[in-house]
Structure formats: structure tokens, C-alpha cells
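Read-outs: derived from the displayed coordinates by stated rules, not from any lab. None of these values were measured; they are calculated from a predicted model. Neighbour counts run over all protein chains shown; Cβ positions are idealised from the backbone, glycine included.
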Amino acid sequence: MPDNRNRKRPIQVKFFVDEKEQALIKKKMELAGIENMSAYIRKMVIDGYIVKLDMPELRELTLKMKSISNSENQIAKRVNSTGNIYEADIEEIKKNQEEIYEGIRKILTSLSKIK
């Protein structure tokens, strides 16, 4: 066993990766212009961060957009079959657009709080 007492960093940390993960690490090292894997991994572990997004606003907006899409498809079918668009249809589309805008605003506000 090597004597690590005189090393600048005497503590060894080990972990395992599969071939795909190793290739990805090497690719990211190449993109960063770093050739020393220990230096790269140390820098990423110490200074890097993981972003875990759990955004109910995004799920809510996705469901709302599906609903809006269905509603607007019904309006389009009615317009295509009758040749007429009604004031209520236009108001519904405007309301739907406002709901989408509000959902996007909520998401952007949440994202802006990520440091």
C-alpha cells in the first residue's frame, strides 16, 4: 500500500461508473479542456451542484394546456363546420391565453429563485 502521508491530498475517495458514464465524464472533461480526471472530478464535487426541479406549476400548466388544446380543437371544428366564430369562443381563447401566460409567469418566478 502506498504511503500517502507526504501527499498534498492523502485521502483517497473511490466510486464506480459504467462505460457510458465514464465516456460521458471524459467528454465533459474534453469540453472543459481538462485532462486530469482527478482534478476534474474534485472540482465538480466541490464546486458543482445538482438542480432538482420539482415544479408543481409545470405539471399544472401541462394539464391546463392539454385542456385548452382540447377546447380550442372543439372551437376549430365548430368554426370549420358552421363558418362562424362566436364572441364566446373568442373570449374563451383569450382567457386560455391568459391562463397559459400566468402559468409561465409562475414557472419563471420559481426558476428565478434557484441559486
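Mind checking which residues of the stretch 80-115 are surrounded by 12 or more Cβ atoms within 10 Å (Cβ to Cβ) and either of a type in the set (V, I, T) or touching a strand residue (DSSP E or B) at 6+ places or on another chain (Cβ under 8 Å) (or both)? Correct list: I85, I93, I100, I104, I107.
The single condition from (1) without any contact (Cβ under 8 Å) to a residue 24 or more places away in the chain; (2) in contact with a helix residue (DSSP H, G or I) (Cβ under 7 Å, 6 or more places away or on another chain); (3) closer than 30 Å to Y49 by Cβ that S110 fails is (1). So in the stretch 3-51, with the set limited to residues that are of a type in the set (K, R) and exposed (fewer than 11 other Cβ atoms within 10 Å of the Cβ), which one is farthest from I114 (Cα to Cα)? My answer is R5.
When I75 is tested against (1) more than 23 Å from the chain's Cα centre (by Cα); (2) exposed (fewer than 10 other Cβ atoms within 10 Å of the Cβ), exactly one condition is not met: (2). Of all residues in the stretch 92-106, those being within 18 Å of the chain's Cα centre (by Cα) and aromatic (F, W, Y) number 0. Checking each residue in the stretch 23-79 for being under 23 Å from I107 (Cα atoms) and β-branched (V, I, T) picks out I50, V51, T62, I68. Among helices (runs of 4 or more DSSP H) entirely within the stretch 29-113, having at least 1 residues that are more than 30 Å from K8 (Cβ to Cβ) singles out 56-82, 87-112.
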